[in-house]
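Each remark here refers to the structure printed beneath this line.
The values are calculated or read from the model by the stated rules, or taken from the named source; none is laboratory data. Note that the structure is predicted; figures quoted are calculated from it, not measured. Cβ coordinates were reconstructed from backbone atoms using ideal geometry, including for glycine residues, and neighbour counts include every protein chain displayed. Note: accessible area is taken over every heavy atom of the protein model, side chains too, but ligands, DNA and RNA are not part of it. Shrake-Rupley method; radii C 1.70, N 1.55, O 1.52, S 1.80 Å.
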Amino acid sequence: MRFYRRLLPFHAISFDLDDTLYSNHPIMLATDSKMVRYFPRILADYGINTTDTIYNFRFWFPFRQQAIAQWPLLKHDVGLLRQKSYLLGALSLGLNNIEAEEFANAALAYFVEQRSNFTLPQQTHDFLTYLKSKRPLVAITNGNVDTDRIGIAPYFTHHFHASIENRLKPDADMFNKTCVALAIKPAQLLHVGDCGKNDVLGGINAGCQTAWLNRYHVGKPLTVLPTLALDHVEQLSNIVS
């Protein structure tokens, strides 16, 4: 653990989820593989010949770009953006509007189920249980993991995930809403996350203190120094009392 700024008294801790409390990369790789196998099976039910197409990221990406072009605010909601991408792709394959909506909703539900199909070690649960006894905990995430399914929802007094209503980090929106919900000043919130842009820069711009945890080496690099850097998330136990 390394300190770069003076740590002021903090009254609550907010967490990014993906690649902060767990490594998300292998989960997403496994999910993507399952989705590639899922699409031909489901599309065949609609009479779509799928033998010549691999329905991977490259197939859906142009429809993702098309969706953002049509509905720019979708960039703030990764789940709804994925649903609209599936919808536009299904329409291009010849499904009618009702079929395409049905297909997109089912595909998104399957995706969220699979990307949330993992368990956290008991050490993480013990750590969050201890931390919750010391400070209110809040989840602030740009992603769409199902916190109930992975068993961490009870640790958080509030859960903000990026959406049309909650602009995604590094925007200050979810940081501000957290402080309002907890009736604290921004400087009284310590935000923990892996991304130098979304979590550290976003948190600092919102007036919060930040703890950078780059254990899995996937977040954007630092452009400003955090309050402190962690080697592993459990080190937070050393600064709460």
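Expressed as cubic angstrom per residue, what is the convex hull volume of the alpha carbon set of region 63-193?
117
Is region 43-124 best put as rounded, prolate or oblate by its Cα gyration tensor, with a ≥ b ≥ c the root eigenvalues, rounded for a/c under 1.5, and otherwise prolate when a/b is larger than b/c, oblate when not?
oblate
Need the C-alpha centroid separation for region 57-74 versus region 150-221, integer Å.
Result: 26 Å between the Cα centres.
Averaging sequence separations of C-alpha pairs under 8 Å and six or more residues apart, then dividing by the length of region 108-192, give the relative contact order as a whole percent.
Relative contact order of region 108-192: 24 percent.
How many percent of DSSP beta bridges within the chain run antiparallel, rounded to 5?
10
Residues of region 209-230 with backbone nitrogen within less than 15 Å of a virtual label 7 Å along the Cα-to-Cβ line of ILE239, please, listed as ranges.
Label zone hits: 209-215, 225-230.
Does region 161-241 come out rounded, prolate or oblate by the C-alpha gyration tensor, with a ≥ b ≥ c the root eigenvalues, rounded set by a/c under 1.5 and, if not, prolate when a/b is larger than b/c and oblate if not?
Oblate is the answer for region 161-241, as a/c is 1.5 or above yet b/c matches or exceeds a/b.
What's the Cα-based Rg to Rh of region 107-178, Rh via Kirkwood?
The Rg/Rh ratio comes out at 1.00.
At 4 °C and 1.567 mPa s, grab the translational diffusion coefficient of region 31-83 from Stokes-Einstein with a Kirkwood Rh over Cα pairs, rounded to a whole number in µm² per second.
106
For region 102-241, give me the percentage of DSSP beta bridges that are antiparallel, rounded to the nearest 5 percent.
So the antiparallel bridges amount to about 0 percent of the total.
In whole percent, and with a 1.4 Å probe on the protein chains, what portion of the accessible area of the chain is carbon and sulfur?
On the way: 6300 of 11590 Å².
Carbon with sulfur: 54 percent of the solvent-accessible area.
Within 10 Å, count the other beta carbons around each residue, average over each peptide in 147-158, 41-52, 208-219, and list them highest first. Walk me through the numbers on the way to the answer.
On the way: 147-158: 16.2, 41-52: 12.1, 208-219: 20.8.
Highest mean packing first, the order is 208-219, 147-158, 41-52.
So what is the accessible area of the chain per residue, in Å², with the probe set to 1.4 Å?
Per residue, the chain has an accessible area of 48 Å².
Send over the semi-axes of the chain's equivalent ellipsoid, whole angstrom and largest first, taken as the square roots of 5 times the C-alpha gyration tensor eigenvalues.
Details: eigenvalues 270, 67, 47 Å².
The three semi-axes for the chain are 37, 18, 15 Å.
Show which lysines lie in cross-link reach of LYS177 when reach means a straight Cα distance below 26 angstrom and same-chain residues fewer than eight apart are skipped.
In chain and number order, the partners are LYS75, LYS132, LYS134, LYS169, LYS185, LYS197, LYS220.
Can you give the charge dipole size of the chain about its Cα centre, rounded to the nearest 20 debye, using +1 on the beta carbon of Lys and Arg and -1 on the beta carbon of Asp and Glu? If you can, show how the numbers build up before the last one.
Working: 23 positive and 21 negative charges, 157 e Å.
Magnitude of the dipole: close to 760 debye.
According to the square roots a ≥ b ≥ c of the eigenvalues of the Cα gyration tensor, what is the shape class of region 193-236, taking rounded for a/c under 1.5, prolate for a/b larger than b/c otherwise, and oblate for the remainder?
Oblate shape, in that a/c is at least 1.5 and b/c is the bigger or equal ratio.
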